[in-house]
1. Considering only residues that are under 17 Å from residue 700 (Cβ atoms) and of a type outside the set (A, V, I, L, M), look in region 714-759 and name the one that is farthest from the chain's Cα centre (by Cα).
2. Before we move on, is residue 349 assigned to a loop (DSSP other than H, G, I, E, B), under 35 Å from the mean Cα position of the chain (by Cα) and β-branched (Val, Ile, Thr)?
3. Could you tell me whether any residue of region 784-803 is surrounded by fewer than 16 Cβ atoms within 10 Å (Cβ to Cβ), modelled with pLDDT under 95, in a loop (DSSP other than H, G, I, E, B) and not charged (D, E, K, R)?
4. Could you go through region 170-191 and let me know if any residue there is acidic (Asp, Glu), in a helix (DSSP H, G or I) and buried (at least 16 other Cβ atoms within 10 Å of the Cβ).
5. Taking only region 659-706 into account, find how many residues are assigned to a strand (DSSP E or B) and under 30 Å from residue 762 (Cβ atoms).
6. Answer yes if at least one residue in region 563-585 is within 24 Å of residue 462 (Cα to Cα) and touching a strand residue (DSSP E or B) at 6+ places or on another chain (Cβ under 7 Å), and no otherwise.
7. Can you tell which of 512, 524, 491 is out of contact with any helix residue (DSSP H, G or I) (no Cβ under 8 Å at 6 or more places or on another chain) and farther than 23 Å from residue 557 by Cβ?
8. All but one of (1) at pLDDT below 90; (2) more than 30 Å from residue 573 (Cβ to Cβ); (3) not hydroxyl-bearing (Ser, Thr, Tyr) hold for residue 486; state the number of the condition that does not hold.
Amino acid sequence: MIRIHRMIHLGLSLSLAFLAASAAAEMRVASSDLNIGGQKKSVAGSEERFQEYRDLRDGFLINDILLRLEGETSPYFMNFKARNAARADESYKVRGGAYGKWDIAASYDRTPHNYYTGTMILGNAGTGRLTFSDQVTRSYLEANEQTRQDRGSLARTDATLEDSLQQAVIRDLISGADPMSFKLQRERSSLSLGLNLAPEVKTWVKVNHEKRDGARPMGSGTYERYFQPFPNNATTHFEDQFVLTGTELVEPIHYYTTTLNAGGGVYKKGWLADVEYTFTDFHNSDRTLRWANPFRTTDAGAKSELGANANSYDRSRFVEGQLSLPPSSQSHDVVLSGSVELPLHSRFTGSLSYGLINQRELLAPYTLNSAIAGVNGAPANVTTEGATPVQRFNGEIWTLTQSYALTSRPIDSLGASLKYRYYDYKNQSDRIAFPGYAGFGESYWRTTRNDSGAPVQNDAASYTRQTTTLGVDYQLAQPLNVEADLLWDRYDHKQQRIDGTDEVGAGTGFVYKPVKVASLKGSYHWAHRTVQNYKGGATKANPEAKGLANFNWADRIRQRTNLRAELTPAEALSFGFGGQYQDDAYGAGDRFGYKSQKNLMGSVDASYDLSENFSVSANYVRERRKGLIQNAAKDDAFNLAGALDDDFAADNFNPFNYWNTEITEDVDTIGFEATLRPIPEKVALNAGYEFSESRMRFDTWNPNAEGATAAGEDGAKLLNGAAQVWPVVVNRQHDLRVGGSYQMLKNLKVGLNYLFSWYQVNDFTNNASYLSGASGENTTKLVRIGDKHYDYTAHMVGTYLAYQF
């Protein structure tokens, strides 16, 4: 892959050399621009957040280079553009050739993604193997493990004081670790050649290469449920307590994607047709991620409360864990497309695409935990690759895409369009039946995929999608245009927990412009999605809870309204007012899941352009997003008869433990821009300010709290099923930009800019590096990557010189 990357770089150099050699004697500089400068910044807090997708470095900068060459008496041309040269967000583009005959183009760019600075107690971050080299500390942590037998029935009770000892060690390790920055870097390069065999016949070849390199945080872990029974009744309980184990990891990103396109077409006045072949190769340098467990030096399996081999307690006791990473793959795609003009100002367009995606990745071992070998039917060689039924996964997916559109405008006031799209995703990958898998934190062998006894095998899910839309627009009168549209969208699934969905919709809209200085635009759309045979929960076909529906497959009614008014009372003055409302209602008959999402947005903007020497604009946007989720705490089967005992009475989600969560986010955004030229064509001043604040509120309640209280419970049957009060999450950002420029000469300008940026987030999920003691659960062996503080205060001053040749 690196070789391909270098070949494209070589192609860029050869392109420049070839263009220069072929036309140097006949070329002239049509235009050129150079922008250079320097800047200095000061950042207190998270520099990664401040520069999340950019590189604002100190020192000398080459901001922009533009060069355009034209042939004096020949059709040759060449354009070159560079931006942010020699920086992590640099880009270069060059294109040249002979007008109407041929052209060569090449490009290269980079984009950073900076996450945050954190601390890891594991080493070799960014590789496929995370290590923990301090074996003395590791042995001490293992020797002071508090097992289920040691702890007793209470998860949060430090019965032997070993939790405190382990917590102290982990805190020391985190405080002593060197901070590191977690980030990705994306590099893209391309080379293309276009050749016109005739004025109406074009051919092309393109090569694109993308490299992604870096380290991305990811989570891993499991939990243990401590059942708290009622006195003298071991079959029901009043609370669940939890022990959480896991390590926040760093996924190595070493992705290489190469794409080759080759095609040609005929482009006539009344019709056109072309064909293109695309080959894509995706290569991941890391098959798996392995990491050391700092709490273990020897493998051990999960246990019961009595210390026997079981899946309930003492999980995640492996020495080394593993995760499979995205596999390398290849794809082929052939696209045929065409278009033809028809009578009555009509046109028909269509495209047909066949595709194949395949991969032949080696399967990883079931686990690296040798302690579960032979336990509950696990193979004796469970830690070797040869233990799996096949050595490689034969993945093969065929796709067929058809898209057709008929548009017509028989008269000036009437237009219509009919569109149809068909997509077939056929998964012909091998279905592999496994004897089991390493579950429960890779510490126990499980022979079924879920509690309902589904066999352990992969699902080769396939589906087809058909979408048809019909649209009509009509000018009723000179100031009024109206439009209407219809929608039909159908999915058919195979080897999935649903047979399919049908969605029908309709919409209407208008544009009203009674006078030249005012206009009003609006639209309304309605759609209803119905579900065919969503398989019942808690079964082999669907392991989810009974009554829980994936919102992507749930019955849905969607309504969306848009309104926009614009007013220009004077040539220099304009106002705009906008609004949008969307209401999605999901799964009206489903017990659990995502139930609704309502979004409301209003905006106002104004601009005043007094002259070329003074302009000002401002805007304000208010958004409210409100979503509702219906949940429940897992419990025993219903043990109280009553009106709440419904079709799910044999299930283990008691209505007294239902709890709903409504998440409401309010966002205010203010923007201001101003430009002043006190000395026209010489001095220009500009200023801008942006403010954004987001407030996210979490409201939880038990819809059956009164019934639970009447039945003798304290607002819920389970203590952990009671509604909780959550803090409000607040994000605020201020950005102030001021600058000025002076036109020293006709082709020379200098400028000075200043940026102040301030960001603060108050989020209860990222304010602690080590959660032990910060929650109601036992998190002694849950280790995260340092504090995730994103706040910053930044100042930046920059100067530049812009010169036109």
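1. For region 714-759, the residue satisfying everything is 714.
2. No: the conditions fail for residue 349.
3. No.
4. Scanning region 170-191, I find no residue that is acidic (Asp, Glu), in a helix (DSSP H, G or I) and buried (at least 16 other Cβ atoms within 10 Å of the Cβ), so the answer is no.
5. The total comes to 30.
6. Checked region 563-585: no residue is within 24 Å of residue 462 (Cα to Cα) and touching a strand residue (DSSP E or B) at 6+ places or on another chain (Cβ under 7 Å).
7. It is 512.
8. Just one mismatch for residue 486, condition (1).
The values are calculated or read from the model by the stated rules, or taken from the named source; none is laboratory data. This one's a predicted model, so the numbers in the text were calculated from it and none came from an experiment. Methodologically, a virtual Cβ is constructed for each residue, glycine included, from the backbone with ideal geometry; neighbour enumeration extends over all protein chains shown.
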